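The values are calculated or read from the model by the stated rules, or taken from the named source; none is laboratory data. Bear in mind the structure is a predicted one, so any value in this text is a computation, not a measurement. Reconstructed Cβ throughout: ideal geometry from the backbone, glycine too, with neighbour counts over all protein chains shown. Note: accessible area is taken over every heavy atom of the protein model, side chains too, but ligands, DNA and RNA are not part of it. Shrake-Rupley method; radii C 1.70, N 1.55, O 1.52, S 1.80 Å.
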Amino acid sequence: MSKILFADANSDYNTASYVICGVPYDGTSCFRKGSIFAPEEMRKVSYNFETYNHFFGINFKDISIHDFGDLEVAEDIDTTLEMISGHADTFVSDGKIPVMMGGEHSLTLPFARACKKKYPDLGFVVLDAHLDLREEYQGRNNSHACISRHVIDEVTDKYASIGIRSGGQDEYEYASENRIKVFSAEDVFNSGIENIIKEIRKVIKGHVYLSIDIDAIDPAFAPAVGTPEPYGITPRDAREVIAAFAPDIVGFDLVEITPAYDSGNTAVLGAKLVRDFIAANAKARL
Ligand code: MN
Ligand code: MN
């Protein structure tokens, strides 16, 4: 259990609408490790922000948020996923909106699965630099490089990714053969995020799980990530996606921040995106 709670997470579990949890696990991360430190770092910097969110026009004192602390993890990914899936299922079946702070991207799967059980029409939107469509990577099929493949195969085919600019040739071929909705960072730059959102809205109309792999955002804004990839989208693009889908989002995560490579700004951006999601979602539910 982390000692610092996320700012404005002043509710107990029973009365909370939002349950924040950290999952300090980075066992399959291949390049820069250290996302295990991200939940604590995001909690620390969350105190930077005002309780009033002017952009979404809502005060956090009017939102019921509980910080569950960090979930227990094991050394290997498969055991870790089993351990956290019980919590994910409980949060969602208790009617909470889970807000998971990774840790690495593979941790998304149990949370997306839990939401699909409760909301059968679930769609999945992910911001990422990487396709993450591999069937396995470095001998593990629950690697962080496989998360989107798992979601499409096992959770929902109502899927769209935004900000993509990296993948193996086989992944790109798989995406085009299976007509997977992949919107590159260049698509966002050329068409504008509003038009990308409109395209996605044609296929994803019901409940939504939103997963933000922070490396979707350009390394100029978010340098401290596990696998940095230049030519990314902007923080404003990410906020637009949050704002557009907020009314329908039933689960959210923010993953892949590696604080050791940070001046502090990546964790600040991560904490802000978490707060903007909660603010936007709560405003839509008023
Ligand atoms: Mn990813
Ligand atoms: Mn990525």
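Would you list Asp276, Asp262 from the most to the least accessible area, probe 1.4 Å?
Working: Asp276 10, Asp262 35 Å².
Heavy-atom accessible area, descending, gives Asp262, Asp276.
Which entries in the list Lys117/Lys283; Lys3/Lys96; Lys96/Lys272; Lys96/Lys205; Lys158/Lys181; Lys181/Lys283 go over 18 Å, if you measure between the two C-alpha atoms of each? Intermediate values should be presented prior to the final figure.
Details: Lys117/Lys283 25 Å; Lys3/Lys96 22 Å; Lys96/Lys272 20 Å; Lys96/Lys205 21 Å; Lys158/Lys181 9 Å; Lys181/Lys283 29 Å.
Violating the 18 Å Cα-Cα cut-off are Lys117/Lys283; Lys3/Lys96; Lys96/Lys272; Lys96/Lys205; Lys181/Lys283.
Computed FRET efficiency, Cβ-Cβ of Asp76 and Thr51, R0 35 Å: what is it to the nearest 0.05? Could you put the intermediate results ahead of the total?
Numbers: r = 40 Å, r/R0 = 1.14.
According to the calculation, E is roughly 0.30.
Could you check the spin-label model distance between Glu186 and Asp170? Points 7 Å from the Cα along Cα→Cβ, value in nm.
So the label points at Glu186 and Asp170 sit 2.4 nm apart.
Antiparallel DSSP bridges in the range 18-285: what percent, to the nearest 5?
Counting DSSP beta bridges with both partners in the range 18-285, the antiparallel share is about 10 percent.
At 222 nm, what value in deg cm²/dmol follows for the chain if DSSP H runs of at least 4 each add -39500 (n - 2.57) and the sum is divided by all its residues, to the nearest 500? Show your work: numbers first, answer last.
On the way: 9 runs with 97 residues, N = 286.
Helices in the chain give a 222 nm mean residue ellipticity of -10000 deg cm²/dmol.
How large is the accessible surface of Ser64 in square angstrom, using a 1.4 angstrom probe and rounding to the nearest 10?
40
To one decimal place, what Kirkwood hydrodynamic radius in Å is obtained for the range 119-236 from all pairs of distinct Cα atoms?
Details: mean 1/r = 0.0693 Å⁻¹.
When all Cα pairs of the range 119-236 are included, the Kirkwood radius is 14.4 Å.
Per-residue counts of other Cβ atoms within 10 Å, averaged by peptide: what ranking do you get for 71-77, 183-189, highest first?
Working: 71-77: 16.1, 183-189: 19.3.
Ranked from most to least packed, the peptides come out as 183-189, 71-77.
Evaluate the charge dipole of the range 138-264 about its Cα centre and quote only its size in Debye, nearest 20, assuming +1 on the Cβ of each Lys and Arg and -1 on the Cβ of each Asp and Glu. Provide the component values of the computation, followed by the final result.
Values: 12 positive and 21 negative charges, 86 e Å.
The dipole of the range 138-264 has a size of about 420 debye.
For Met83, what accessible area in Å² do you get when you roll a 1.4 Å probe over the heavy atoms of the protein chains, rounding to the nearest 10?
We get 70 Å² for Met83.
Using heavy-atom solvent-accessible surface (probe 1.4 Å) with all chains present, what is the largest-first order of Glu50, Glu41? Could you put the intermediate results ahead of the total?
Numbers: Glu50 145, Glu41 55 Å².
These residues rank, largest area first, as Glu50, Glu41.
Mind putting a number on the dipole of the range 1-99 about its Cα centre? Charges go on the C-beta only, +1 for Lys and Arg and -1 for Asp and Glu, and I need it in Debye to the nearest 20.
400
Using only the alpha carbon atoms of the chain, find the Kirkwood hydrodynamic radius as the inverse mean reciprocal pair distance, in angstroms to one decimal.
Details: mean 1/r = 0.0545 Å⁻¹.
For the chain, inverting the mean 1/r across all distinct Cα pairs yields 18.4 Å.
Suppose we keep just the DSSP beta bridges with both residues in the range 108-220; what percent of those would be antiparallel, to 5? Don't jump to the answer; show the numbers that get you there.
Details: 1 of 15 bridges.
Here the share of antiparallel DSSP bridges comes out near 5 percent.
Give the span of the range 1-155's Cα atoms along each principal axis, as three whole-Å numbers ordered largest to smallest.
Here the Cα extents, ordered largest to smallest, are 46, 35, 29 Å.
Over the range 5-60, with a single point scatterer placed on each C-alpha, what log10 of the ratio I(q)/I(0) does the Debye formula yield at q = 0.17 1/Å?
Here the Debye-derived log intensity ratios amount to -0.71.
If we sort 136-142, 122-128 on the protection proxy, mean other Cβ atoms within 10 Å, highest first, what's the order?
Values: 136-142: 13.7, 122-128: 25.9.
Ranked from most to least packed, the peptides come out as 122-128, 136-142.
What is the log10 of I(q)/I(0) for the range 171-281, computed with the Debye formula using one identical point scatterer on each Cα and no solvent, at q = 0.15, 0.20, 0.21, 0.22 Å⁻¹?
Reported log10 I(q)/I(0), two decimals: -0.69, -1.17, -1.26, -1.33.
Might you tell me the accessible area per residue for the chain, computed with a 1.4 Å probe and given in Å²? Write down the numbers at each step before the final one.
On the way: 11810 Å² over 286 residues.
Spelled out: the 1.4 Å probe surface of the chain, per residue, equals 41 Å².
Where the accessible area of the chain is counted over protein heavy atoms with a 1.4 Å probe, how much of it, in %, is carbon and sulfur?
On the way: 5700 of 11810 Å².
Ligands and nucleic acids excluded, carbon and sulfur give 48 percent.
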